[in-house]
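Peer 1: Dropping a structure here in structure tokens format, bear with me for questions.
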Amino acid sequence: MNDVVSTLKEHVMNNKLEHLFPEILADGVQNIPFQDMYTLVEKLYKNDIPMQRQQLTLLMNHTTLAENLRVAMEFYTMHGEIELLEELVNREKSSKDPLNREWAEVYEIVVQRYKGELFGEKLNQIVLSRNSQSKELHLLLCILHMFGVYDIGEYEAFFKVSNAILPEVQHFENEYIKTSYELHLYNLFCFSHLLANKVEECRHIATCIVTQTHYLRYPIVASNAYHVLAQSYMFESFEESMKYIKRAEEIISILPDKKKVQKSKDINNTKEFLRSYWKRELDSNPDSLAELAHRHIVRGNIDMGIDILDEIRTKQGNHLTAFQWYYYGLATNNMDCFKQAKQIFTSNKDRFFIHILKSI
């Protein structure tokens, strides 16, 4: 097997693998470790990320190495391939390998979180009810718990626990799993520091992510880091924020279509907020109803803005978010609206975005 892998690597280095790829499965090379597969496919298809994912998926569907299937679960997670992840999870839940069955059960929680079915206390209850002798799964359960802690805004507790488990991740033998789990934690560190108003720490972590991470291997993490950098400057500099927004948009272009749509929506909302807040590039009409209301208010179309906010309020069962209350306050100059916004920001333990109220 090592001879076959060496030969293939030699062909790759000499750019002679194109004609060999159809024969890879027949030659038994599907049994090589995931990291070698990834290196081969990256070299062969260089910057063609969709083709890399397609060929890796082909290899994963035929591999006989149990560890490859476990790593594939994390690979699909990191690339936003939730349908492929769910398909693999469902298959491996009945695997002959007991460790693969256990990984599938834990990654089923990942699937449910991605679908928006598990978060906060509900996520924590499920995660804390599980145990694992696998050090990788034990740490993944800890990371999922950190997502739940983050959801409910317990940032100080989050920092303490995350700092404790990070060194454990760094001892993993599998390089892809180690890097991936580290990035999950750094991603959470990044946004948690922002909401805790630890802006310089947030920027430092985000900058480390984007400068030290191969964004083609970890596009979601890299785009998240650029997005957070953009948000960290939103009250300081329109130009700086938009610079990072543009970089995030470039990266999400390589994501699968469904994930691309979701990430584009989040980034566009930030971009349209920036335009309204800084009163720049106001000719666009945001897709988000809340940001469309904000835009109308900034343009001076107060009644149109209020009508949209009233529509949102009705759809949301007479509730508005902190930002929506802020927009209502801008439109009506009613201080009670700003007080409502402040109360929600405070109850959410959001010490960063509450800065928007300082402009009043």
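Peer 1: Considering only residues that are of a type in the set (Ser, Thr, Tyr) and surrounded by fewer than 21 Cβ atoms within 10 Å (Cβ to Cβ), which ones fall in region 53-67?
Peer 2: 57, 64, listed by residue number.
Peer 1: Report whether or not residue 272 is of a type in the set (Asp, Glu), modelled with pLDDT of 95 or more, within 25 Å of the chain's Cα centre (by Cα) and in the same structural domain as residue 228 (by TED's automatic domain parsing). Reasoning before the result, please.
Peer 2: Numbers: of a type in the set (Asp, Glu): yes; modelled with pLDDT of 95 or more: yes; within 25 Å of the chain's Cα centre (by Cα): yes; in the same structural domain as residue 228 (by TED's automatic domain parsing): yes.
Yes; evaluated as a whole, the condition is true for this residue.
Conditions (1) within 30 Å of residue 149 (Cβ to Cβ); (2) of a type in the set (Phe, Trp, Tyr); (3) part of a helix (DSSP H, G or I), marked per residue:
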{"residue": "275", "(1), (2), (3)": "no, no, yes"}
{"residue": "286", "(1), (2), (3)": "no, no, no"}
{"residue": "304", "(1), (2), (3)": "no, no, yes"}
{"residue": "312", "(1), (2), (3)": "yes, no, yes"}
{"residue": "329", "(1), (2), (3)": "no, no, yes"}
{"residue": "337", "(1), (2), (3)": "no, no, yes"}
{"residue": "345", "(1), (2), (3)": "yes, yes, yes"}
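Peer 1: Would you tally the residues in region 87-124 being outside any helix (DSSP H, G or I) and under 22 Å from the mean Cα position of the chain (by Cα)?
Peer 2: 5
Peer 1: Across region 125-169, which residue is surrounded by the fewest Cβ atoms within 10 Å (Cβ to Cβ) among those that are of a type in the set (Asp, Glu) and part of a helix (DSSP H, G or I)?
Peer 2: This residue is 156.
Peer 1: Also, quick follow-up: Among (1) on the phi < 0 side of the Ramachandran plot; (2) in contact with a helix residue (DSSP H, G or I) (Cβ under 7 Å, 6 or more places away or on another chain), where does residue 279 come up short?
Peer 2: All conditions are met except number (1).
Peer 1: Considering (1) more than 18 Å from residue 187 (Cβ to Cβ); (2) surrounded by 15 or more Cβ atoms within 10 Å (Cβ to Cβ); (3) among the charged types (D, E, K, R), say which one residue 122 fails and leave the rest.
Peer 2: Going through the list (1) more than 18 Å from residue 187 (Cβ to Cβ); (2) surrounded by 15 or more Cβ atoms within 10 Å (Cβ to Cβ); (3) among the charged types (D, E, K, R), residue 122 breaks only (2).
The values are calculated or read from the model by the stated rules, or taken from the named source; none is laboratory data. As the structure is a prediction and not an experimental result, all values here were calculated from the model. Positions of Cβ are backbone-derived with ideal geometry, glycine not excepted, and every protein chain shown enters the neighbour counts.
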